[in-house]
Amino acid sequence: MWRLGFSRSKRVRMWDSSLWCIACLSFCAFSWGEVESSLGQVASGAEIAFQEPWIATDFDGAGGPFDCCKEHRVWQSDDISIEGKSEYFISANIECVGLGGFERDDFITISCRVGEGDWTPLISLRGDFEQSTFSAPFRPDGVNVRFRIEAETSSSDEIYKVHQLSLKCAVVSQTPDYASDSAIDPKAGMQTAHGTLIIDGGNMKREPDQTTVQEFIKQVGGLDQPIVVSPTASDDLSERDFQEYTESWMNEVGFKDMAFMHPPQRDPKVAGTDAFVEDLKNARGLFMRGGRQWRLVDAYGNADQPTKTLKEMWNLLERDGVIAGTSAGATIQGDFMPRGFTRGSGRMIAKEAKHRKGFGFLPNVAFDVHVSARGRTTDLHQVLDYGHKHGQDLLGIGIDEDTAIVVRGKIFRVVGSGCVFVHTFVNTDEGHDVLILKAGDQYNLSTREKLVSPPDA
């Protein structure tokens, strides 16, 4: 019998077994002059060694940045030889200048084509995002690559600019296999010496071959381990919703021991009882589904005002458990919580202070999700600006759908088919830095650097 008015976690058991993505992102259109110079000094740790970059800023002699003003404009480079090269970092400065309001159809897209393959969009930006400096790792699979910029604005007072373009050839291409750094840094990384966070960019399918699901199974130690699933971020839940969740996690994915965690009416008093956290105390993993992240705060509190349930989540990590979440279940894991406005997800900064604070598993981090699918590439800049004005140096991490980061200690690793956008605050006159990572890339939350293995690794 399925009941919604349960006063503790609802439990069911079943014992039958049953980038190259947008990676290149921000470089757009350039006339490349081939300059292969001497190697730089070999880097150690998280530093990166480069060959001298190939740079072009004149767009085939046009004299200055690529500008798009009102009319539809396209620029395309010649073929650029990449034969024999291992790894690149591609970077560009993209600026948006407008006296009026940018229309919904205004856009700028940067695409690439390897050999005679299809054109692949690397990044598409819309509207007034001011200015950003992008950088992306690029591991080529071919001998030639070509780049294209396509842009259109609705008014002569509104301009997209692409300038300061460079391609740096890295010394190495191997993905490093760094052990997690579990020494606790109060300003960065997980605040426990144990445990794993899995933070998924949204629209996750509860299927056994889905990347985040596979990672969750692996990190908890297999399908025999007890897990708790929380649908609390969702809108009103029916008996059918619980039934569908049971069937997907147990019958399709194959977990044999699963409990639901959801207080009726999202009552924090219920979430503060010993009976409610009993299943969580026995679990190896917790998974939080999508919806609206402020509902999770209403039910379980936040880092400033935690309920017993949130405190038990920390205990789960301390005993080397796993906390995973998709969409709202991902955003809630950060410190500052974007899109906490209760009347819609378009507002990045919530009016209520309690809805600006997440669970705080990673201090000084703010997450955004559904990035490429919903055109949110630069939305976190608002959050970084807000944090700067209030004395907080935030790291913004935007995650695509079908993509997640797996965090242990101070290090996270990217899994999935999309990209992860790591934003750091820079004076707004200079723009914001955005590093783009893809599957296999690793990042140090404490030093705020992509990890690159030494040449002899």
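Results, tabulated for the structure shown:
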| item | result |
| --- | --- |
| Qualifying residue in the range 225-235 (condition: over 22 Å from Ala271 (Cβ atoms) and not in a helix (DSSP H, G or I)) | yes |
| Filter result for Asp320 (part of a strand (DSSP E or B) and of a type outside the set (A, V, I, L, M, F, W, C)) | no |
| Residue that is nearest to Ile198 (Cα to Cα), among those in the range 295-308 that are surrounded by fewer than 24 Cβ atoms within 10 Å (Cβ to Cβ) and not basic (Lys, Arg) | Ala303 |
| Any chance Thr378 is β-branched (Val, Ile, Thr) and modelled with pLDDT under 95 | yes |
| Pair list, Cβ under 6 Å, 6 or more apart: the range 334-352 residue outside the structural domain of Asp385 (by TED's automatic domain parsing), other residue among the charged types (D, E, K, R) and surrounded by fewer than 18 Cβ atoms within 10 Å (Cβ to Cβ) | none |
| Matching residues, the range 78-116, being part of a loop (DSSP other than H, G, I, E, B), among the acidic types (Asp, Glu) and farther than 11 Å from Thr153 by Cα | Asp78, Asp79, Glu83, Glu116 |
| Hits in the range 63-91 - residues which are at pLDDT 80 or above and hydrophobic (A, V, I, L, M, F, W, C) | Phe66, Cys68, Cys69, Val74, Trp75 |
| Test set (1) in contact with a Lys or Arg (Cβ under 9 Å, 6 or more places away or on another chain); (2) closer than 13 Å to Glu152 by Cβ; (3) not small (Gly, Ala, Ser) - Trp119 fails condition number | (2) |
| Number of positions in the range 254-291 that are more than 21 Å from Asp368 (Cα to Cα) and either touching a His at 6+ places or on another chain (Cβ under 8 Å) or of a type in the set (A, V, I, L, M, F, W, C) (or both) | 12 |
| Check on Met261, in contact with a helix residue (DSSP H, G or I) (Cβ under 9 Å, 6 or more places away or on another chain), crowded, with 16+ Cβ neighbours inside 10 Å and outside the structural domain of Ser345 (by TED's automatic domain parsing) | no |
| Evaluation of Ser155 against (1) assigned to a strand (DSSP E or B); (2) assigned by TED's automatic domain parsing to the domain that holds Glu130 (one fails), failing number | (1) |
| Residue, farthest from Gly98 (Cα to Cα), within the range 113-140, restricted to residues that are over 22 Å from the mean Cα position of the chain (by Cα) and buried (at least 16 other Cβ atoms within 10 Å of the Cβ) | Pro140 |
| Residue list for the range 333-382, filter: charged (D, E, K, R), surrounded by 21 or more Cβ atoms within 10 Å (Cβ to Cβ) and not in a loop (DSSP other than H, G, I, E, B) | Arg356, Lys357, Asp368 |
| Condition check for Trp294: touching a His at 6+ places or on another chain (Cβ under 7 Å) and not hydroxyl-bearing (Ser, Thr, Tyr) | yes |
| Among the candidates Val434, Val422, residue that is in contact with a strand residue (DSSP E or B) (Cβ under 7 Å, 6 or more places away or on another chain), modelled with pLDDT of 95 or more and in a strand (DSSP E or B) | Val422 |
| Residues (touching an Asp or Glu at 6+ places or on another chain (Cβ under 6 Å) and either in a loop (DSSP other than H, G, I, E, B) or surrounded by 18 or more Cβ atoms within 10 Å (Cβ to Cβ) (or both)) located in the range 141-152 | Val143 |
| The range 181-213 - residue that is part of a loop (DSSP other than H, G, I, E, B) and hydroxyl-bearing (Ser, Thr, Tyr) and, of those, nearest to Val414 (Cα to Cα) | Ser182 |
| Some residue of the range 388-408 being in contact with a strand residue (DSSP E or B) (Cβ under 9 Å, 6 or more places away or on another chain), of a type in the set (D, E, K, R), assigned to a loop (DSSP other than H, G, I, E, B) and buried (at least 23 other Cβ atoms within 10 Å of the Cβ) | yes |
| Unmet requirement for Glu158, which otherwise passes all of (1) modelled with pLDDT of 80 or more; (2) within 30 Å of Ser81 (Cβ to Cβ); (3) more than 22 Å from the chain's Cα centre (by Cα); (4) not hydrophobic (A, V, I, L, M, F, W, C) | (2) |
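Residues checked against (1) under 15 Å from Ile323 (Cα atoms); (2) modelled with pLDDT of 95 or more; (3) not assigned by TED's automatic domain parsing to the domain that holds Phe361:
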site	(1), (2), (3)
Ala183	no, no, yes
Ala188	no, yes, yes
Asn203	no, no, no
Arg206	no, no, no
Val213	yes, yes, no
Gly222	yes, yes, no
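The values are calculated or read from the model by the stated rules, or taken from the named source; none is laboratory data. The shown structure was predicted, so the numbers you read here are calculated from the model rather than taken from an experiment. Neighbour counts are summed over all protein chains in view; Cβ atoms, including those assigned to glycine, are modelled from backbone coordinates with ideal geometry.
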